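One structure is given here, and the rest of the page talks about it.
The values are calculated or read from the model by the stated rules, or taken from the named source; none is laboratory data. The model shown is predicted, which means the values in this text are computed figures rather than measured ones. As a convention, Cβ positions derive from the backbone with ideal geometry for all residues, glycine included, and neighbour counts pool all protein chains shown.
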Ligand code: SF4
């Protein structure tokens, strides 16, 4: 895709639902649905190619605004796994990364919700650079559109996980709007259960999320189940302790009756010991959750090392023995720095 020329920066088409497009552009609802389909369903970001719009309308749109607010700077693809990492420039010159992970015929898109992140988790590449700004709904959705261009899905809709750069609940309204846009039937039509929002533990937002009228999934990045260790790894824990987090999760489950996932990044000698398993099992009492173990991916400048494969398996097996449903993720993007906790605009910084 070529560089876009933003004509009216206040008019971002990808921020808008079909009804909002009709109102903003003063066009008929059916024309707005056509335009939305081109942008979201077909990922066509050039008005000239939108052949079922009249020529006059295409020219009017062309003169007034850009079809897309992001610009693709670089797309890496792992020859080993097929994982793709997109580096995208935002209209103000900032950039974000997003990842497509393919596992046989299952495709998962990992999108960013902020430029950088203020939470500074101790093992995370994104947190190292600090927080710059929130993304708009369209800036989130367009990450998915760019990743899906030219991608063969075989009629299946992709999964979306809000696990890229940033804490999604620190950008609550834009993230919720982006979910509505991704679910829109004239667009990608992604089912709510195929979408997961991942939080580092913003307890009040979990309670707010519980009131949303949909079946979007929740994942909590736990990484430690005693307050001393968790406050070091995830500084947000100093604000919302494990007990406060538990209250929010229980309220979420009371309201929604939905299981959650705990994410646990394994760091050698830090949180991969049997005593950490014991803490986790104790913490999970009364919470319906599965555990997703993530081998940590080395990040230059951070004082950690990854747990050995053998230790990861010991940790997993210990949880399984306690009856906890546990998966041990096989990293699929490490060779292009696209794995969890590795997104930090590496190419962007050089541009
Ligand atoms: S792990 Fe997530 S919440 Fe923590 S600093 Fe990184 S991006 Fe932010």
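Structure notes:
- The set of residues in segment 192-204 that are closer than 13 Å to residue 160 by Cβ and within 13 Å of the ligand (Cβ to nearest atom) comprises 197, 198.
- Residue match in segment 319-334 (condition: closer than 23 Å to residue 120 by Cβ, crowded, with 21+ Cβ neighbours inside 10 Å and at pLDDT below 95): yes
- Selected residue (only one of 285, 248 is touching a residue at least 24 places away in the same chain (Cβ under 8 Å) and either surrounded by 15 or more Cβ atoms within 10 Å (Cβ to Cβ) or over 21 Å from residue 166 (Cβ atoms) (or both)): 248
- Those residues of segment 61-83 which are without any contact (Cβ under 8 Å) to a residue 40 or more places away in the chain and buried (at least 19 other Cβ atoms within 10 Å of the Cβ), in sequence order: 61
- Number of the condition not met by residue 145 [criteria: (1) assigned to a helix (DSSP H, G or I); (2) surrounded by fewer than 22 Cβ atoms within 10 Å (Cβ to Cβ); (3) more than 10 Å from the ligand (Cβ to nearest atom)]: (2)
- Segment 183-203 - residue that is under 21 Å from residue 99 (Cβ atoms) and without any contact (Cβ under 8 Å) to a residue 60 or more places away in the chain and, of those, nearest to the chain's Cα centre (by Cα): 197
- Single residue of 164, 127, 154, 189 found to be assigned to a loop (DSSP other than H, G, I, E, B) and either within 12 Å of the ligand (Cβ to nearest atom) or not assigned by TED's automatic domain parsing to the domain that holds residue 100 (or both): 164
- In this structure, residue 295 does not qualify as modelled with pLDDT under 95 and out of contact with any strand residue (DSSP E or B) (no Cβ under 9 Å at 6 or more places or on another chain).
- Residue ranges of helices (runs of 4 or more DSSP H) in segment 1-115 with at least 2 members within 25 Å of the chain's Cα centre (by Cα) and within 28 Å of residue 168 (Cβ to Cβ): 18-25
- Residue that is farthest from the ligand (Cβ to nearest atom) [pool: residues in segment 93-120 that are in contact with a strand residue (DSSP E or B) (Cβ under 8 Å, 6 or more places away or on another chain) and farther than 24 Å from residue 158 by Cβ]: 94
- Among the residues of segment 249-264, the one identified as in a helix (DSSP H, G or I) and over 21 Å from residue 193 (Cβ atoms) is 250.
- In the set 140, 160, only one residue is surrounded by 24 or more Cβ atoms within 10 Å (Cβ to Cβ), in contact with a strand residue (DSSP E or B) (Cβ under 6 Å, 6 or more places away or on another chain) and at pLDDT 95 or above; that residue is 160.
- Answer residue from segment 134-166, given it is without any contact (Cβ under 8 Å) to a residue 40 or more places away in the chain and in contact with a helix residue (DSSP H, G or I) (Cβ under 9 Å, 6 or more places away or on another chain) and is farthest from residue 119 (Cα to Cα) among those: 157
- Subset of segment 205-244 (residues that are in contact with a strand residue (DSSP E or B) (Cβ under 6 Å, 6 or more places away or on another chain), within 16 Å of the ligand (Cβ to nearest atom), part of a loop (DSSP other than H, G, I, E, B) and on the phi < 0 side of the Ramachandran plot): 222
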